[in-house]
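Working notes, structure below.
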Amino acid sequence: MSKPNVLVVDDERDIRELLTITLGRMGLLVDSAGNVAEAKARLAAGRYGLCLTDMRLPDGNGLEIIAHIVARHPETPVAMITAYGNVEAAVDALKAGAFDFVSKPVDLTVLRRLVGNALELQSQRRSSAAPASGLTGQAPAMQQLRQTIAKLARSQAPVYISGESGAGKERVARLIHEQGPRATGPFVPVNCGAIPGELMESEFFGHRKGSFTGAHADKEGLFQAANGGTLFLDEVAELPLPMQVKLLRVIQEKSVRAVGAASEVPVDVRILSATHKDLAKLVEENRFRHDLYYRLNVIELRVPPLRERTQDIPLLTEAILHKLATELGEPVPTPNAEAMAALADYAFPGNVRELENILERAVALCEGDSIGVDDLQLPEVLVTHTGVPIATSAPAGPAAPSATTANPIAGDLPRRMETLEREAIIRALEECRYNKTKAAARLGITFRALRYKLKKLAIE
């Protein structure tokens, strides 16, 4: 097998020699160029597995080389060598299409890791021409989304995934990870809104034994857990401002310091982030740091809501029902023509996640061989002044209290209802000596509905 070729572009002879020696020890063949014109000539004459280019060159800059490679040699990953702390240059390079960046003075460990990722990407391209998409739908918006994911997977640039709740942002993040050179590394998703503020630093960066009350042992943080892979920051808008400062430093320095530790340790993590909120608006309102926003939002990827691709509803419905049938181990009822028409007309404020919930509930509650409109129990939808639909109330059951009369603890109602439902089911099972058929009859629901509720409420 031939050795991969690397092109090093830098006007400093010492840098070129250092990189040539380092890459040569990795078993690579190295060509070098001292300016833009020479680099373009090298690229025209041969094929390279990676190009490393400095930003400042005698007859131009590294961004010209990046643009040239993206346009004429898209199969070649290109990384930028930037001055230490020059975040703006690094961001510009990533936006232009650079695979990654490394700062001067060049850390050889970081360089070796970067080269390894680039060569792994090349290997993946040769072995798999078209990786599985994992996204259901043939609408133009979904086809464009799949194409963009494939491009972003080749980069190491931070990606900000925007979209409404339930649209599939985490699935998109997983696909970017799975189709890139970090696929063999860990994918670590974290809901930033679910971590208490006082534990955030420990959760993200880890802690040392005895560093605070309750720290009985060393603990690895999320960054360390994602080392060599991808860290997905879901609902990143929920991060408090003090934590945003710490996160910005980690992204810039590529190193973390655990709580109670004396020194920082390097981490190799690609950051993907998402939120259903308008992050740019939060920046304007000084509720989110603008410097962190621009560092996370190097590339923005919008996931379309389901109402913008209603032609995909039949395909999604089929896929969801197939999954339910597999989980239950038996055929499940399917929507009739009237129910499918109702689904097509519904605005889905909760997007694909809401469609999954609606179908799962309908399968459980349906007593016939097909799902009707009544089985779907579609709520009424109000379209706000922004054009975003919101569910107001379900057609069945008592009317919800208005915002002006609602009890302050109304947010606990779903949890209380779930508790009551769980207690009623357990009591019926005990009275029927765990005969599920009899318990379902006593509760006044179908056997399938009982099985659905047992699974939903995690009742053994």
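The values are calculated or read from the model by the stated rules, or taken from the named source; none is laboratory data. Everything numeric in this text was worked out from a predicted model, so none of it was measured. Here Cβ is always computed from backbone atoms with ideal geometry, including for glycine, and neighbour counts include all displayed protein chains. For accessibility, only protein heavy atoms count, side chains too; no ligands or nucleic acids. Shrake-Rupley method; radii C 1.70, N 1.55, O 1.52, S 1.80 Å.
Figures for the structure shown
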{"item": "Estimated FRET transfer efficiency (Arg208, Gln311; beta-carbon r; R0 45 Å; 0.05)", "result": "0.25"}
{"item": "Listed pairs Lys169/Lys246; Lys169/Lys323; Lys3/Lys151; Lys281/Lys323; Lys95/Lys323 exceeding 28 Å between Cα atoms", "result": "Lys281/Lys323; Lys95/Lys323"}
{"item": "Share of carbon and sulfur in the accessible heavy-atom surface of the chain [1.4 Å probe, %]", "result": "51"}
{"item": "Inverse of mean 1/r across different Cα pairs in the chain, Kirkwood, Å", "result": "25.6"}
{"item": "Charge context of Asp234, other residues only, Cβ under 10 angstrom, K/R +1, D/E -1", "result": "-2"}
{"item": "Cα convex hull volume per residue for region 260-306 (Å³)", "result": "143"}
{"item": "Coil-residue chymotrypsin sites (Phe, Trp or Tyr not before Pro) of region 1-103, DSSP, other Cβ within 10 Å capped at 13", "result": "Tyr84"}
{"item": "Hz values of 3J(HN,Hα) by residue in region 438-449 - Karplus curve (6.51, -1.76, 1.60), Gly and Pro given as x", "result": "5, 5, 4, 5, 5, 7, x, 10, 6, 4, 5, 5"}
{"item": "Label point distance in nm, Phe447-Lys104, each placed 7 Å from Cα along Cα→Cβ", "result": "7.6"}
{"item": "³J(HN,Hα), Karplus 6.51/-1.76/1.60, whole Hz, each residue of region 310-322, x for Gly, Pro", "result": "4, 5, 8, 4, x, 5, 5, 4, 4, 5, 5, 5, 4"}
{"item": "Sites matching chymotrypsin sites (Phe, Trp or Tyr not before Pro) across region 132-239 that sit in DSSP coil, with at most 14 neighbouring C-beta atoms within 10 Å", "result": "Phe212"}
{"item": "Share of pairwise Cα separations in region 142-215, more than 14 Å, in percent", "result": "70"}
{"item": "Kirkwood Rh (inverse of mean 1/r, distinct Cα pairs), region 283-375, angstrom", "result": "15.5"}
{"item": "Inter-centroid distance (Cα atoms) of region 42-112 relative to region 213-267, Å", "result": "27"}
{"item": "Karplus-derived 3J(HN,Hα), 6.51/-1.76/1.60, for each residue of region 298-303, Hz, glycine and proline x", "result": "5, 10, 9, 10, 9, 9"}
{"item": "Paramagnetic reach from Leu199 in region 243-259 [backbone N under 19 Å; point 7 Å along Cα→Cβ]", "result": "243-244, 258-259"}
{"item": "Protection proxy ranking of 144-153, 73-82 - average other beta-carbon atoms within 10 Å, highest first", "result": "73-82, 144-153"}
{"item": "Where labels lie 7 Å past Cα in the beta-carbon direction, separation of Arg361 and Glu421 in nm", "result": "0.8"}
{"item": "Per principal axis, descending, Cα span of region 199-311 in whole Å", "result": "55, 32, 26"}
{"item": "Region 24-118: trypsin sites (Lys or Arg not before Pro) in DSSP coil with no more than 14 other Cβ atoms inside 10 Å", "result": "Arg47"}
{"item": "Summed side-chain charge close to Asp375 - residues other than Asp375 whose Cβ falls under 14 Å, Lys, Arg +1, Asp, Glu -1", "result": "-3"}
{"item": "Residue-span extension gain [Ser165 to Ile459] - 0.36 nm each, minus C-alpha spacing", "result": "103.1 nm"}
{"item": "Cα-based shape type of region 175-238, given that a ≥ b ≥ c are square roots of the gyration tensor eigenvalues and the cut on a/c is 1.5", "result": "oblate"}
{"item": "Spin-label pair Lys151/Arg112, simplified geometry with 7 Å Cα→Cβ offset, distance in nm", "result": "3.5"}
{"item": "Ellipticity estimate at 222 nm from DSSP helix runs (n ≥ 4, -39,500 (n - 2.57)) divided over the chain, nearest 500", "result": "-13500 deg cm²/dmol"}
{"item": "Contour excess over end-to-end distance, with Cα ends at Glu12 and Ala325 and 0.36 nm allotted per residue", "result": "106.3 nm"}
